[in-house]
Amino acid sequence: MKITVVPLPAGVVTLLCADAVRNYLTVVNIDVNDASMSDSSSVTAGSGWPLPAASNAGGQGGGYEWSASQTPRGALYGISTVGTRICVMEG
């Protein structure tokens, strides 16, 4: 399993992960600002899948977990209007 914390700078679309053969994926917001996630690099804040903020830095905010055939393959991108951090676990 690979675990990565990805910082999302304010207003910048950022690659979260890009594994074409993963069988498990969890994406969680671990900071105090909201974010959005999509399989499109043209994601905008407030579009795509919402990743609500954690109640405190390092805590668990909104997230998604997939396994087996439901796991999205390929690239996922994130954006936050004021910046946040996203924890990505994949394998």
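Bear in mind that the values in this text are calculations on the coordinates, not laboratory data. In this text, all values refer to a predicted model and were calculated from it rather than measured experimentally. Using ideal geometry, Cβ is built from the backbone for each residue, glycine included, and neighbour counts are taken over all protein chains shown.
Return the label of the correct value of Cα extents along the principal axes in Å, as calculated from the structure shown, out of [x] 32, 27, 17; [y] 60, 24, 19; [z] 56, 27, 23.
Comparing each candidate, only [x] matches the computed number.
Residues with beta-carbon under 12 Å from that of Gly61, excluding Gly61: net charge, scoring Lys, Arg +1 and Asp, Glu -1?
-1
Only Cα pairs within less than 10 Å get springs; with that Gaussian network setup on the chain, which residue of Thr14, Thr44, Thr71 has the largest fluctuation?
So, out of Thr14, Thr44, Thr71, the one fluctuating most is Thr71.
Within 15 Å, Cβ to Cβ, of Gly83, how many net charges do the neighbouring residues add up to if Lys/Arg are +1 and Asp/Glu are -1?
-1
Express as a percent, rounded to the nearest 5, the fraction of DSSP beta bridges in region 2-90 (both residues included) that run antiparallel.
95
Rounded to the nearest Å, what's the spacing between the alpha carbon centres of region 47-89 and region 1-35? Just the number, please.
Each part's Cα centre sits 6 Å from the other's.
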